[in-house]
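Report on the following structure.
Just so it is clear, none of the values below were taken in a lab; they were calculated from the coordinates. Predicted, not measured: the structure shown is a model, and the values here were computed from it. FYI the Cβ positions are ideal-geometry reconstructions off the backbone, even for glycines, and counts take in every protein chain you see.
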Amino acid sequence: MTTRSYLEAGDRRGIPAWILSTDHKRIGVLYLAAMMFLFLVAVTIGVLMRVEQLTIAPPLFPPQIYNAFFTVHGVIMIFMFVLPGLPAVFGNFLLPIMVGARDVAFPRLNLLSWYFFITGAVLAVVSLFTGSAPPDTGWTFYAPYSIRTGGNVSLAVFAAFVLGLSSILTGLNFITTIHRLRTPSMTWHRMPLFVWAIYGTAWIQVLATPIIGITLLLVILERVFGIGVFDPAKGGDPLLYQHLFWIYSHPAVYIMILPAMGAITEIIPTFAHRTIFGYKAIAYSSIAIAALGSLVWGHHMFTSGMSTAANVVFSLLTFLVAVPSAIKVFNWTSTLYKGSIEVRPPMLYALTFIFLFTIGGLTGLMQGAVNVNQHVHDTYFIVGHFHYVMLGGTGMGFFAALLYWFPKMFGKMYNEKAAALAWFPIFVGFNMLYFSMLVLGYMGMPRRYYTHLPQYHTGHVIASIGSFVLAFGLVILLGDLLVALFRGKKAPQNPWNGVSLEWQIPTPPPLENFEEIPTVGRPYVFNQEAAR
Amino acid sequence: MSGAASDAPAGHKDYEGSKLGMWLFLFTEILLFGGLFILYSAYWARYTADFHRGGQMLNLGIGVANTVVLLTSSMTVAISVSAMQQGNRRLSIWCLAATVLLGLVFLGNKAIEWSAEIGEGLYPNSPELLARPHGEQLFFGLYYSMTGLHGLHVIAGIAVLSFMLNSIRRNTITRTDYGRLENAGLYWHLVDVIWIFLLPLFYLSA
Amino acid sequence: MEHAEPHAHIVPYGTFVRVWLLLLFLTAALVVTAKAYHEAMSVYAMLVITPLKAGLVFFYFMHLKYEKPFLKSMVLMTLALLVLFIGFLFLDLSYR
């Protein structure tokens, strides 16, 4: 008996079939579609910023426009791509399947999450074009500037609040799904490591996001009612804004990276044809990162006027939180050792993730040293660092995941050569762009400046050319996938010979995922004899 | 039992699962108010004397009355759930109705209280308040933010409980299917817990 | 996973009434201590009595006493997180 795939099943047709569907797979695809559009908008703004730095005398855009650019680039990238990216797309699509369930615990709440996401995205874009001026505070909305500036801060901040609601509900749904809907034979230690990663992430989503929620609401209350909590004129302390902001926004970066690490952990064993090295280490390190990561937020404030005592404690904990991340890198590398490695596009991008994330992580450690931080805070060094971890890390992880699970999601194969070819401009452009920033920042180039002094110009030119090359590569990669969506060859059920549950069901999956709820044994068992 | 399939009719309900979901939502509320508690703790430490004076300007009588109202409403909703579990539909409805009524009394008290304070010029950005010491300005800024946010949650709670009242009347909440009522009760109890903390922070500010 | 069986444990009405009376008593104690004693004493009283009241609501009204250990530890973890946030904040505030 052939059941229709989720792409065709159900009674509705056309747009209502998608935007009224509570099927976790369709919701994952809805997120993907929205995100790809928003990502490209934000990439375009980023490229425009790089053009501005090329055209410094006279600059192409007035300074206020540049301020609006970096604000919106940050808001879109962080709140609409890097944060929700892997959980909302791949968490939604794969989590129920990977644990042997038919859907998440609360399917209607899941659809509501997507509605909140779209609402927040629309509000954020609208905030650009309404009010007296677009927001110009940076995505961090620091007080007191954010409570005084005429830009459309309240709307932008409210948009971020709504996006936070989306994140919270997704996390709540995933925790409940993992606790309640695993097939009975799947004990905690038989779960795929992507699920462990999603689990850690979900707890951060639930516990940390409300703090930014209230902080953003307070900015609105300040602007509208003048309650005074962040306003020095009324005795308020702007540093308290920073504390509250980073209490969420630091754990947020672990929301960004944990699922990417989870995806890498699925990809590497498949293409090394070996079981994962150190299952428990990887599982528990995800939880450790989530836990420790909630106590390091002060490292964003080393130059703000925080006490020395706080500086020292936060620095120490920052160094500690690098340990579980490093553990994962060791485990992935050990998995590769004596594996039968096949470098197809998902593996190519996964290996790139490890390399670029390591650079990002190491520069993070550098910044975690209070003395170094005095020199590099608010410079391009920081910008370089976070792009290495957010784009080199989460971004690459997202692309690797997309290349890995695309056939499963859409039943089509993409052109693997094109994906591999795209890798070259992506890798070269990326490093031209962001390694230059590390150097520029170390030399003293401040961030969020629309122009620069002559001694930084060479670095900026290299970076800008890098950005064009990177953008070119991204267009090839995403273009390849877009073409495959409509004209790709039909994908086999299990193109990569993966062993987790998603590869045991038809491609694309049927609406209810499984005919019978499956029974599972130990995870990551590969037939190594056949592979050699 | 696995959860309901997407476009198929609702399958088995997962009582424990929906309770877990509600508790997770309550955690988010704890952290939401938590951010405000963090701010309060910082400013209380810095402006202790001003906070003390601010507290004395509030109406302790209404504060205590509202505390009694909410504590009682917590008891009534708990009894309502227990009654439903035991099949006592009538008691369940009466206690739930009492809870809603007490919630409305709370809001009424709040309205009286706030109008009085606003009438005296004690609101953010008022000329009177701007002339007062910084600590008192922050005290009132936090007072309105925290009791205001709490009040919004009381309104939401009253709405949810009223909806449950209706569900009991229509028999969609029964002796064997009372999870929604219990979850609504959990929400109401948290609203009560937050007020338990707000009372000393503002009305008994030492 | 378990079938959708409602939780078997039912709390008798009397328990709720007794907890309510205790809460009223604690509230009275709180107000009296706050008003009657000097500063430090009131703060300590509040720091003890208030969590106690909250605990009673969590354990009895919200049924936490009869729930699984996992849920109890998650509630504890959430509250502990908040306490840690405040604690770390004071690492900054107290030493500036």
- Max mean-square fluctuation residue, GNM over chain B, Cα-Cα springs under 10 Å, options B:Ser74, B:Ser82, B:Ser92: B:Ser82
- Message: How big is chain B along each principal axis, measuring the range of its Cα positions in Å and listing the largest first?
- Response: 62, 33, 26
- Mean Kyte-Doolittle of at least 0.5 plus a Cα span of 24 Å or more along the axis: flag which DSSP H helices in chain B meet both, please. B:15-46, B:60-85, B:89-119, B:134-169, B:179-198
- Note on the structure: Per-residue average of other protein chain Cβ atoms inside 10 Å, peptide A:203-213 -> 5
- Task: Compare the Cα positions of A:Thr519, C:Tyr66, A:Ile382 along the charge dipole of the protein assembly as shown (+1 at Cβ of Lys, Arg; -1 at Cβ of Asp, Glu; about the Cα centre) and return the one farthest towards the positive end.
- Result: A:Thr519
- Item | Estimated [θ] at 222 nm from DSSP helical runs (n ≥ 4, -39500 (n - 2.57)) normalised by residues in chain A, nearest 500 | -22000 deg cm²/dmol
- In whole angstrom, the spacing between the Cα centers of segment A:335-396 and segment B:17-86 equals 44 Å
- Note on the structure: Rounded to whole Å, √(5λ) for the Cα gyration tensor eigenvalues of segment A:286-393, largest first, gives 30, 16, 9
- How crowded by other chains is A:8-14, given as the mean number of beta carbons from other chains within 10 Å of each beta carbon? 1
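Can you tell me the length gained on complete extension of the stretch A:Phe330 to A:Leu362, counting 0.36 nm per residue apart and subtracting the Cα distance?
Net length gain for the segment: 10.1 nm.
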- Relative to chain A, whose Cα atoms define the longest principal axis, helix A:107-129 and its Cα axis are tilted in degrees, nearest 10, by 30 degrees
- At C:Leu84 and A:Met443, where each label point lies 7 Å from the Cα along Cα→Cβ, what is the point-to-point distance in nanometres? 4.1 nm
- Note on the structure: Output row, site C:Ala28, 7 Å Cα→C-beta label point, backbone N cut-off 20 Å, window segment B:16-60, residues B:60
- Task: Report the calculated FRET efficiency for B:Asp177 and B:Ala111 (r = Cβ-Cβ distance, R0 = 60 Å), to the nearest 0.05.
- Result: 0.95
- Helix A:308-336: inclination vs chain A longest Cα principal axis, degrees, rounded to 10, gives 30 degrees
- Given Cβ charges of +1 for Lys and Arg and -1 for Asp and Glu, the option among A:Thr3, C:Leu82, A:Gly28 whose Cα lies farthest towards the positive end of the dipole of the protein assembly as shown is A:Thr3
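Order of A:317-326, A:78-87 by packing, highest average Cβ count within 10 Å first?
A:78-87, A:317-326
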- Task: Place a +1 charge on the Cβ of each Lys and Arg in the protein assembly as shown and a -1 charge on the Cβ of each Asp and Glu, then give the dipole magnitude about the Cα centre in debye, rounded to the nearest 20.
- Result: 1200 debye
- Task: Return the single residue from B:Gly179, B:Gly35, B:Gly55 with maximal mean-square fluctuation; model: Gaussian network over chain B, springs between Cα atoms under 10 Å.
- Result: B:Gly35
- Query: Measuring from centroid to centroid over Cα atoms, what is the spacing of segment B:127-166 and segment A:1-63 in Å?
  - Reply: 38 Å
- Scattering from the C-alpha atoms of the protein assembly as shown alone, worked out with Debye: what is log10 I(q)/I(0) at q = 0.07, 0.08, 0.11 1/Å? -0.56, -0.73, -1.34
- Using a basic spin-label model with each label point 7 Å from the Cα along Cα→Cβ, how many nm lie between A:Phe355 and A:Val475? 2.4 nm
- Query: Which whole-number percentage describes the relative contact order of chain A, with Cα contacts under 8 Å and a sequence gap of 6 or more?
  - Reply: 18 percent
- Summed residue charge, Cβ within 12 Å of A:Ile65's Cβ, Lys/Arg positive, Asp/Glu negative: -2
- Task: Could I have the simple spin-label model distance between C:Leu71 and C:Tyr95, label points 7 Å from Cα toward Cβ, reported in nm to one decimal?
- Result: 4.1 nm
- Task: Rounded, prolate or oblate: pick one for chain C, where a ≥ b ≥ c are the square roots of the eigenvalues of its C-alpha gyration tensor, a/c under 1.5 means rounded, and failing that, prolate if a/b is larger than b/c, else oblate.
- Result: oblate
- Message: Between helix A:380-389 and chain A, what is the angle of the helix's C-alpha long axis to the longest principal axis, kept within 0 to 90° and rounded to the nearest 10?
- Response: 10 degrees
- Task: With the cut-off at 27 Å, report for segment A:405-532 the share of all Cα pairs above it, as a whole percent.
- Result: 48 percent
- Note on the structure: Calculated from DSSP helices alone, with each H run of at least 4 adding -39500 (n - 2.57) and the total divided by the residues of chain C, [θ]222 nm to the nearest 500 comes to -24500 deg cm²/dmol
- Task: Provide the FRET efficiency to the nearest 0.05 for the A:Glu516-B:Asn166 pair, computing r from the beta carbons and using R0 = 45 Å.
- Result: 0.70
- Build a GNM of chain B with springs between Cα atoms under 10 Å: which of B:Ile38, B:Ile158, B:Ile173 gets the top mean-square fluctuation? B:Ile38
- Task: Using just the alpha carbons, could you tell me how many Å³ per residue the convex hull of segment A:12-125 encloses?
- Result: 99 Å³
